[in-house]
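See below for the structure under consideration.
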Amino acid sequence: MQAKTSQSHSPAVRMGSSEKVPNGCLTTASAGDDTPFDLLRDFYDGVIAGGAAGVFVEAALYPIDTIKTRLQVAHAGGQIMLKGLYSGLAGNLAGVLPASAIFVGVYEPTKQKLLNALPENLSALAHLTAGAIAGAASSVVRVPTEVVKQRMQTAQFSSAPDAVRLILAKEGFKGLYAGYGSFLLRDLPFDAVQFCIYEQLRIGFKLAARRDLKDPEVALIGAFAGAITGAITTPLDVIKTRLMVQGSGNQYQGICDCVGTIMREEGSRAFWKMPNQARNRRHCWNARNIFCVC
């Protein structure tokens, strides 16, 4: 998916500001020009744009996400229901707004600090690390949001307030963070690898073309990065979904038990249900970005 503003730039900052480019090429400003004010501005830009874009894309692609969740939860031979594809949308948007804002707000200044601190040939490490740090920071909000959303998508609750109340009553506060470990196991690599692929491809194409990339070119690079990363992390997404929706029944006792049970009862094909690249989860932009696949 893609989001646009008037110019074609990276997910974090304009190429002409302070970002380092491989092969010895530097942009117009020196690496030491960043000030606390600049980082704070990057944070606020990311928070506003990330929250707005996250809500927009989540609403547009929610039915696909619901189908994905139901496919991943269905056991071998099980049928999925195609009704209620917007179940839980309102409650999910309430969580996606701050989660997306936190992610992009943390990613932007973190990437800039790392790019300024690391050698030019380690720009990929800066993008990889910034994506992982932003994912960890936003997980505090993203995990409860995901738990409530996926349980409503599987018709366990009729509304988000009821879901939160009943989860707290039956499972305690930790119920809202069910599958937290599997979430980090899946989402931190997803965030880190996807951003790294996107940023490096964008930089490489810009160097090869010797010009700013056009909006469709940036969108295609982002889509490619999301597809590759989604395909790689699909098995982890299945595990995360199973652990989050099981509730107080505790069918699975943890990640290892979940993997073993699925392999024993359904086979390895169950780990490849509905590749999650069918829906890139957070797409964000700000006043100096046109595209950001989170």
(request) Would you mind computing, in nm to one decimal, how far apart the modelled labels at residue 212 and residue 232 are, each placed 7 Å from Cα along Cα→Cβ? (result) 3.0
(request) Ignoring everything but the protein chains, give the 1.4 Å probe accessible area of residue 157 in square angstrom, nearest 10. (result) 40
(message) Taking the full set of protein chains and a 1.4 angstrom probe, give the accessible area of residue 86 in square angstrom, rounded to the nearest 10.
(response) 130
(message) With a 1.4 Å probe and all protein chains kept in place, how do 58, 217 rank by accessible area, largest first?
(response) 217, 58
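Fully extended, how many nm does the chain gain between residue 86 and residue 224 (0.36 nm per residue separation, minus their Cα-Cα distance)?
Details: separation 138, 0.36 × 138 = 49.68 nm, distance 2.69 nm.
Value of the extension gain: 47.0 nm.
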(request) Starting from the Cα of residue 253, step 7 Å along the direction of its Cβ; do the same at residue 173; then give the gap between the two resulting points in nm. (result) 2.7
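The values are calculated or read from the model by the stated rules, or taken from the named source; none is laboratory data. Keep in mind that this is a model prediction, so the values were computed, not measured. As a convention, Cβ positions derive from the backbone with ideal geometry for all residues, glycine included, and neighbour counts pool all protein chains shown. To get the accessible areas, we keep the full protein, side chains included, count just its heavy atoms, and leave off ligands, DNA and RNA. Shrake-Rupley method; radii C 1.70, N 1.55, O 1.52, S 1.80 Å.
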